[in-house]
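The values are calculated or read from the model by the stated rules, or taken from the named source; none is laboratory data. These numbers come from a predicted model, not from an experiment. Here the Cβ positions follow ideal geometry from the backbone for every residue, glycine too, while neighbour counts run over all protein chains shown.
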Amino acid sequence: MQNFKKGKHLYSAYSLLKKTLLLKSSIVVMILLPLISFSQTQPLINSTLKGQIIDAVTKLGIPGVSIHITGTTHVVQTDKNGKFDFVTGQKFPYTLEITYVGYEKNRLWPMEAQSW
């Protein structure tokens, strides 16, 4: 014959139920977490901006010019022909800061579907 203290048996059943629910909820989280994180790996692209930075006098592309969206950390640099390709999660309109050593800093406000 087993010797149960008053209420001890009830506590054991409650503890076992709690552990079972915790285990089941942990398994559900472990199954769903990879699915949720996989769905967030696709980057959000709201705008794409392509162009070329040229010298006003020589009409040649300027390599290494920095193009930065104001208020963000999004920065690209032009290639050897002065061309750049900017893909960002920012929505139009936004302000671009264009900087290069030896040139005056310039700001542009590109709009949707513009071609210069």
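Here are a few things to note about the model shown:
- Among the residues listed as Q52, Q42, Q2, the single one being under 25 Å from the mean Cα position of the chain (by Cα) and either at pLDDT below 85 or polar (S, T, N, Q) (or both): Q42
- Assessment of region 27-37 against the conditions (exposed (fewer than 14 other Cβ atoms within 10 Å of the Cβ), within 24 Å of the chain's Cα centre (by Cα), modelled with pLDDT under 90 and not in a helix (DSSP H, G or I)) yields no matching residue.
- Residues that are modelled with pLDDT under 90 and either part of a strand (DSSP E or B) or exposed (fewer than 13 other Cβ atoms within 10 Å of the Cβ) (or both), drawn from region 74-94: F86, V87, T88, G89, K91, P93
- When region 72-86 is filtered for residues that are touching a residue at least 12 places away in the same chain (Cβ under 8 Å) and farther than 24 Å from L60 by Cα, the ones remaining, listed by number, are T72, H74.
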